[in-house]
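*Asks:* A single structure is presented below for examination.
The values are calculated or read from the model by the stated rules, or taken from the named source; none is laboratory data. Fair warning: this is a prediction, and the values are worked out from it, not measured in the lab. No Cβ is skipped: glycine too gets one built from the backbone with ideal geometry, and neighbour counts run over all protein chains shown.
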Ligand code: FO1
């Protein structure tokens, strides 16, 4: 068994087309939930869903979120109503009181569904409605995610990092905002003052996650701050990583990031916006997979390959390098 940490698109891209190397049933994915939001009463879990949709063969691989070919009839109607009503669009947070008195799992990231600022496709929305309904019936997010995996024909154990709420809040010059407001609505433009993983001190990884972290761990080429940061902000999660072999794939070539706001987030967290910064952010990593053009020298073993991901076949190539890195550090891959 080898466990992958999944935040953003890094690990779904890495595992796409790599089933022959890492069989899905023996390769759990532990997913970030700091990006989750409640929108109009429905819990949206982007990183869990990108993994589920990718493995279920329905992911929109242009955007790497949402369902391929999905319609947006409900989303458009929501916006028509808001326009006709003269309601201001953009993120509409529920009241401060509602942020902590509603569904516990959605704490600190509860938005009204009016003029929803994230585009939810119709089939995608059906997933959020089902997930929220199952939660309201009393199941945990871990149980609900397993049920959705069954419904979508996914063999991989897809594990939320925690059944407790953790919300990624970006403190900016324009005030604090949830990661989705920062990323989707503000296009990562505000100047960042600091990043907070609200709830992480009280949150714990699930038993299923702790079991999965007994195996060697692979961190895909994710953004270390908001994709992996919420996981390692939990003490027991970080401790578990310190006592198991860990291989990380850099999302950079030197100081050039493949995609997303990783550079800006690393800088705001006091790290170098580069592979060096990724290695600093992962002191528990035992080896790294870097791009062949990345000349960075590190104090830990490196395996190099072309790390560009996104087309079929890329995942298998990079996963071969991951297995080499695991062998280099003597990890037992049963
Ligand atoms: N990203 C966008 O840039 N715009 C959107 O409207 C948007 C909607 C959305 C809906 C469901 C979902 O699961 C993901 C969605 N994303 C959207 C992606 C998401 O913001 C981020 O890419 C992830 O949180 C980063 O992992």
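*Asks:* Please go through region 60-87 and give me each residue that is under 21 Å from the mean Cα position of the chain (by Cα) and within 10 Å of the ligand (Cβ to nearest atom), ordered by number. Explain how you work it out, then say what you get.
*Replies:* As a first pass, look at region 60-87 and keep what is under 21 Å from the mean Cα position of the chain (by Cα): 60-68.
The answer is 60, 63, 64, 65, 66, 67.
*Asks:* Right, another one. List the pairs whose first member sits in region 118-129 and is under 15 Å from residue 144 (Cα atoms), whose second member is near the ligand (Cβ under 8 Å from one of its atoms) and assigned to a loop (DSSP other than H, G, I, E, B), and whose Cβ atoms are under 9 Å apart, counting only residues at least 6 apart or on separate chains?
*Replies:* 127/45; 128/45; 128/120
*Asks:* What are the residues in region 57-86 that are within 30 Å of residue 334 (Cβ to Cβ) and touching a strand residue (DSSP E or B) at 6+ places or on another chain (Cβ under 9 Å), if any? Steps first, please.
*Replies:* Our first condition is that a residue be within 30 Å of residue 334 (Cβ to Cβ); within region 57-86, this holds for 57, 59.
If the condition is that a residue be within 30 Å of residue 334 (Cβ to Cβ) and touching a strand residue (DSSP E or B) at 6+ places or on another chain (Cβ under 9 Å), then 59 is the only one that fits.
*Asks:* Pairs under 9 Å by beta carbon, first residue on the phi > 0 side of the Ramachandran plot in region 78-100, partner part of a loop (DSSP other than H, G, I, E, B) and surrounded by 15 or more Cβ atoms within 10 Å (Cβ to Cβ), six or more apart or different chains?
*Replies:* As it stands, the answer is 90/115; 90/117, since those pairs meet every condition given.
*Asks:* If you don't mind, another one. Mind checking whether some residue in region 291-302 is under 17 Å from the mean Cα position of the chain (by Cα) and without any contact (Cβ under 8 Å) to a residue 60 or more places away in the chain? Show your work before the answer.
*Replies:* Filtering region 291-302 for residues under 17 Å from the mean Cα position of the chain (by Cα) gives none.
So far as region 291-302 goes, no, none of its residues is under 17 Å from the mean Cα position of the chain (by Cα) and without any contact (Cβ under 8 Å) to a residue 60 or more places away in the chain.
*Asks:* Within region 81-95, is there a residue that is crowded, with 18+ Cβ neighbours inside 10 Å and not in a loop (DSSP other than H, G, I, E, B)?
*Replies:* No, that holds for no residue.
*Asks:* Taking the condition modelled with pLDDT of 95 or more, more than 20 Å from residue 319 (Cβ to Cβ), assigned to a helix (DSSP H, G or I) and within 12 Å of the ligand (Cβ to nearest atom), does residue 48 pass? Talk me through it step by step, then tell me what you get.
*Replies:* Numbers: modelled with pLDDT of 95 or more: yes; more than 20 Å from residue 319 (Cβ to Cβ): yes; assigned to a helix (DSSP H, G or I): yes; within 12 Å of the ligand (Cβ to nearest atom): yes.
Criteria met by residue 48.
*Asks:* Could we say that residue 309 is touching a helix residue (DSSP H, G or I) at 6+ places or on another chain (Cβ under 8 Å) and within 30 Å of residue 171 (Cβ to Cβ) here? It would help to see each step written out before you state the result.
*Replies:* Details: touching a helix residue (DSSP H, G or I) at 6+ places or on another chain (Cβ under 8 Å): yes; within 30 Å of residue 171 (Cβ to Cβ): no.
Criteria not met by residue 309.
*Asks:* I've got another one for you. Any chance region 219-231 includes a residue that's crowded, with 22+ Cβ neighbours inside 10 Å and away from the ligand (no atom under 16 Å from the Cβ)?
*Replies:* Quick first cut of region 219-231, residues crowded, with 22+ Cβ neighbours inside 10 Å only: 219-231.
Imposing the further condition that a residue be away from the ligand (no atom under 16 Å from the Cβ) reduces the set to none.
No: zero hits.
*Asks:* Now for a separate question. Only one of these conditions is not met by residue 210: (1) in contact with a helix residue (DSSP H, G or I) (Cβ under 7 Å, 6 or more places away or on another chain); (2) closer than 30 Å to residue 328 by Cβ; (3) away from the ligand (no atom under 16 Å from the Cβ); (4) in contact (Cβ under 8 Å) with a residue 40 or more places away in the chain. Which number is it?
*Replies:* Every listed condition holds for residue 210 apart from (4).
*Asks:* Residues that are modelled with pLDDT under 95, surrounded by 18 or more Cβ atoms within 10 Å (Cβ to Cβ) and part of a loop (DSSP other than H, G, I, E, B): does region 261-283 have at least one?
*Replies:* Within region 261-283, one or more residues are modelled with pLDDT under 95, surrounded by 18 or more Cβ atoms within 10 Å (Cβ to Cβ) and part of a loop (DSSP other than H, G, I, E, B).
*Asks:* Follow-up. Is it the case, given these coordinates, that residue 17 is part of a loop (DSSP other than H, G, I, E, B) and either over 20 Å from residue 333 (Cβ atoms) or within 9 Å of the ligand (Cβ to nearest atom) (or both)? Show your work before the answer.
*Replies:* Working: part of a loop (DSSP other than H, G, I, E, B): yes; either over 20 Å from residue 333 (Cβ atoms) or within 9 Å of the ligand (Cβ to nearest atom) (or both): no.
So residue 17 does not fit the description; no.
*Asks:* Also, quick follow-up: Among the residues that make up region 311-331, is at least one of them within 16 Å of the ligand (Cβ to nearest atom), touching a residue at least 40 places away in the same chain (Cβ under 8 Å), closer than 26 Å to residue 59 by Cα and part of a loop (DSSP other than H, G, I, E, B)? Steps first, answer last, please.
*Replies:* Looking only at region 311-331, we keep the residues that are within 16 Å of the ligand (Cβ to nearest atom), and these are none.
No, region 311-331 contains no residue that is within 16 Å of the ligand (Cβ to nearest atom), touching a residue at least 40 places away in the same chain (Cβ under 8 Å), closer than 26 Å to residue 59 by Cα and part of a loop (DSSP other than H, G, I, E, B).
*Asks:* Shifting gears a bit: Identify all residues within region 130-179 that are surrounded by fewer than 16 Cβ atoms within 10 Å (Cβ to Cβ) and either touching a strand residue (DSSP E or B) at 6+ places or on another chain (Cβ under 6 Å) or modelled with pLDDT under 95 (or both); write none if there are none.
*Replies:* Of everything in region 130-179, just one residue is surrounded by fewer than 16 Cβ atoms within 10 Å (Cβ to Cβ) and either touching a strand residue (DSSP E or B) at 6+ places or on another chain (Cβ under 6 Å) or modelled with pLDDT under 95 (or both), namely 176.
*Asks:* All but one of (1) assigned to a loop (DSSP other than H, G, I, E, B); (2) closer than 25 Å to residue 309 by Cα; (3) out of contact with any helix residue (DSSP H, G or I) (no Cβ under 6 Å at 6 or more places or on another chain) hold for residue 65; state the number of the condition that does not hold.
*Replies:* (3)
*Asks:* May I pose another question? Can residue 33 be described as at pLDDT 95 or above, part of a loop (DSSP other than H, G, I, E, B) and within 11 Å of the ligand (Cβ to nearest atom)? Outline the logic, then answer.
*Replies:* Values: at pLDDT 95 or above: yes; part of a loop (DSSP other than H, G, I, E, B): yes; within 11 Å of the ligand (Cβ to nearest atom): yes.
Yes; evaluated as a whole, the condition is true for this residue.
*Asks:* Restricting attention to strands (runs of 3 or more DSSP E) lying wholly within region 119-193, give those where 3 or more residues are within 19 Å of the chain's Cα centre (by Cα) and within 14 Å of the ligand (Cβ to nearest atom). Please lay out each step first, then the result.
*Replies:* Numbers: elements: 158-160, 167-172, 175-178.
Per the criteria, 167-172.
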